[in-house]
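Pasting in a structure now, in structure tokens, and then I'll have a few things to ask.
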Amino acid sequence: MSSYKKKRLLVTVLILCWMVLFSLQGLGTLGVTIKPKIIGMPFSVFYLVCMGIWGVLNAYLSVKLLSPAFYKKASRVIEQLENN
Amino acid sequence: MSALGWLIAVIAIYILILIAIGYIGFKSTEATVEDYYLGGRSLGWIVLTGTTIATYASMWTFLGAVGGNYRLGIAFVSMMMFWNILWPLMFWFLGTKVWLLGKKYNYITYSELVNDYYGSKVLGIIAAIFGILALLPYIAVQLMGGGIVIETFTHGSISFAAGVIITFVFMVLFISLAGLKSVVWTDTFQGIFFLSVMCGLAIFAVKLAGGFGQMFDKIEKIKPVLITHGKFGFGLWIGFVFTWGMAILLPHMFQRLMMAKDPRIIGKTTIASSILSGWVQSVPVFILGLACVILFPGISRKATDSLTVMFSTKYLSPPLAAIVIGGAFAAGTSTLNSQLLTASSLFLRDLIVSPFNLKLSPGKETFYGRIIVLLLGFLVITIALSRPGLIVPISTAGTAICISSYFYPLIGIVIWRRADKLAAYASMLAAGITSILTWLVWKFPFGIYNVLWGFIVGGIFFFAFSLINTKGLTEKQREVASLLSFED
């Protein structure tokens, strides 16, 4: 498996896990109780905060890991367009 | 000065600022179609993030989402935060490919992309029709929001209908004066303005509610269901998530995928949007909605759309309340201007110029584009004046038509390359029609939202027709496949 494919797989797995765990809150299975309270927040709100942080990390990792291949390809295409 | 006087003063200053920004944009807008619709494909990440978020967040966020949080609490904010982070992820995964295709083949709309890839003009026409169908209720919602804001703020001195017309005149005049080059700049200004207003309101609301801990304690006593998810059905919850999480497929959002100056801008915009949309757009409306449960108990369902304005008029001084109303206008105009402009490009380019092979000079196309903006505006105002329901359900169900019908043909271009034009036709028509029927005829069967029905039925048609396709890839499809392969 190429390094690009491995990175893409890692990002995909992370995003899918995040989507499943977030959906479980929507389903009413996880992160829906008031107790235990954490830093004054009901557990449901704390769970939401964790999902929010994980989501932003997903965006950051997707760009960080997958952008070099895209930038390389894009600059090649731009160069070709400029030459034409 | 009276509340109305303050409102007029703030709106006047606000309009002057927008006109000044718009004028600079107008002067720098050349008579090229790319400049008018795509800001000349030259945006940096700050402006691209600003215009994308401001276009995405609308009266929906400013009014509807506060009401949604008031009614549903954690069930609402969890789906809102989910979709507000999902769309930036889609911006990255689809945006990189769409940007590259737009750059290479000079596409301006989604219809042009699918037309060219599948070699069918009819597909583009169907896409344009679904796109306009989805945009009309969404645009109407912005005008309704304007009407609600003005009516509530003036305690009924200015009626809802008059408020709608005032909003309409202001917005259409502004868009007719300048194209997207000014829209993206005014969007950035308006986005910063309304997000700041929302954050300020949330901080103040928490203070009034006695601080964070106190606020949650009070909610636990008054209405604990708001922090324990409650009974909001999963079929609707996940339907909302996928509708707005895929909102990048909406015609006015889709065009933003092609506006970046260079590929790095897409990456930076993705990260910035996930923070701004996921957090700054979602959290303040949740806090304000919960605080309003304590401050305004027992509000009727219909009146929840007015909570932001009610809060401002009750707890803020008239000048500050007028600034909040300015924020609501910022949220509405920044979405509506892009939507009207995009609807105009769908109408002109995809329903008239392309099918009839018309050759219009860029100047003429820009001129006709402005005329169509005016005509569409008149159509939308009649929908808004009929006030068909609450802001959130109308715009979400309308948006679902476009999302579900646009999804599979695009998947056929960027991922699943077995699809031919028959699969694209079948999936687009099946998904679009299903999502209309499961909204207007058989409303959300089994508690499942119309976008999901569209995805299910469209997916069955798409994959079935793809699998029976025995023809190989066309030359164009092979070229696109090689262009979109990022591996060495």
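Note the per residue figure in Å³ for the convex hull of the C-alpha positions in the range B:84-171.
Given the Cα convex hull of the range B:84-171, per-residue volume reads 133 Å³.
Give the span of the range B:323-362's Cα atoms along each principal axis, as three whole-Å numbers ordered largest to smallest.
Per principal axis, max minus min of the Cα coordinates gives 48, 17, 6 Å.
What is the gain in length, in nm to one decimal, between residue B:460 and residue B:367 on full extension, counting 0.36 nm per residue of separation less the C-alpha to C-alpha distance?
29.3 nm
Could you give the distance between the Cα centres of the range B:235-276 and the range B:67-85, to the whole Å?
The distance from the Cα centre of the range B:235-276 to that of the range B:67-85 comes to 18 Å.
Relative to the first principal axis of the alpha-carbon coordinates of chain B, what is the inclination of helix B:212-222, with its axis defined by its Cα atoms, in degrees from 0 to 90 and to the nearest 10?
Orientation of helix B:212-222: about 80 degrees from the principal axis.
How far, in nm, would the chain grow between residue A:54 and residue A:84 when pulled straight, counting 0.36 nm per residue and subtracting the alpha carbon separation?
Going from the current span to full extension adds 6.4 nm.
Pull up the cross-link candidates among the lysines for residue B:421, meaning alpha carbon to alpha carbon under 25 Å and not fewer than 8 places away within one chain.
B:97, B:103, B:104, B:121, B:471, B:476
Okay, moving on. For helix B:263-275, report the angle its Cα long axis makes with the longest principal axis of the Cα atoms of chain B; keep it between 0 and 90° and round to the nearest 10°.
Long axis of B:263-275 versus the principal axis of chain B: about 30 degrees.
Where Rh is the Kirkwood radius over the Cα pairs of chain B, the temperature 37 °C and the viscosity 0.692 mPa s, what D in µm²/s does Stokes-Einstein return?
145 µm²/s
Which three extents, in whole angstrom, do the alpha-carbon atoms of chain A cover along their principal axes, largest first?
That works out to 63, 27, 19 Å along the principal axes.
Please pull out the direction-averaged projected area of the range B:25-165, using the convex hull of its alpha-carbon atoms, in nm² to one decimal place.
11.8 nm²
Also: Please report how far the C-alpha centroid of the range A:28-66 lies from that of the range B:419-488, rounded to the nearest whole angstrom.
Cα centres, the range A:28-66 to the range B:419-488: 33 Å.
Residue A:37 to residue A:64: extension gain in nm, 0.36 nm per residue of separation minus the Cα-Cα distance?
Computed gain between residue A:37 and residue A:64 is 6.3 nm.
If I model a spin label at residue B:161 and residue B:359 as a point 7 Å from the Cα along the Cα→Cβ vector, what separation in nanometres do I get?
Once both label points are built, they end up 4.9 nm from each other.
How do B:359, B:421 line up, fewest other C-beta atoms within 10 Å first?
So the residues, fewest neighbours to most, are B:359, B:421.
Just to check I understand the Karplus step: with θ = phi - 60° and J = 6.51 cos²θ - 1.76 cosθ + 1.60, what whole-Hz values come out for the range B:46-58, glycine and proline as x?
In residue order, the calculated couplings are 5, 5, 5, 5, x, 5, 5, 5, 5, 6, 5, 7, 9 Hz.
With label points built 7 Å along Cα→Cβ from the Cα atoms of residue B:105 and residue B:303, find their separation and express it in nm.
A separation of 5.4 nm, rounded to one decimal place.
Now for a separate question. How would you classify the range B:269-424 from its alpha-carbon gyration tensor, with a ≥ b ≥ c the square roots of the eigenvalues: rounded for a/c under 1.5, else prolate if a/b is greater than b/c, otherwise oblate?
Since a/c reaches 1.5 and a/b is larger than b/c, the shape of the range B:269-424 is classed as prolate.
Would you list the P(r) distribution for the range B:212-287, with all Cα-Cα distances sorted into 10 Å bins from 0 and each bin expressed as a whole %?
14, 32, 30, 16, 8, 0
Kirkwood hydrodynamic radius (Cα pairs, Å) of the range B:387-487?
One decimal place: 14.5 Å for the Kirkwood radius.
Setting aside same-chain residues fewer than 8 positions from residue B:207, which lysines have a Cα under 17 Å from its Cα?
Result set, ordered by chain and number: B:218, B:314.
Within 10 Å of each residue's Cβ, count the other Cβ atoms and sort B:232, B:153, B:356 from fewest upward.
In increasing order of surrounding Cβ atoms, one gets B:356, B:232, B:153.
Radius of gyration and Dmax for the protein assembly as shown's Cα atoms, expressed in Å?
22.9, 74
Values in this text are rule-based calculations from the coordinates and carry no lab data. Only a predicted model underlies this, so the values are computations on that prediction, with no experimental measurement involved. No Cβ is skipped: glycine too gets one built from the backbone with ideal geometry, and neighbour counts run over all protein chains shown.
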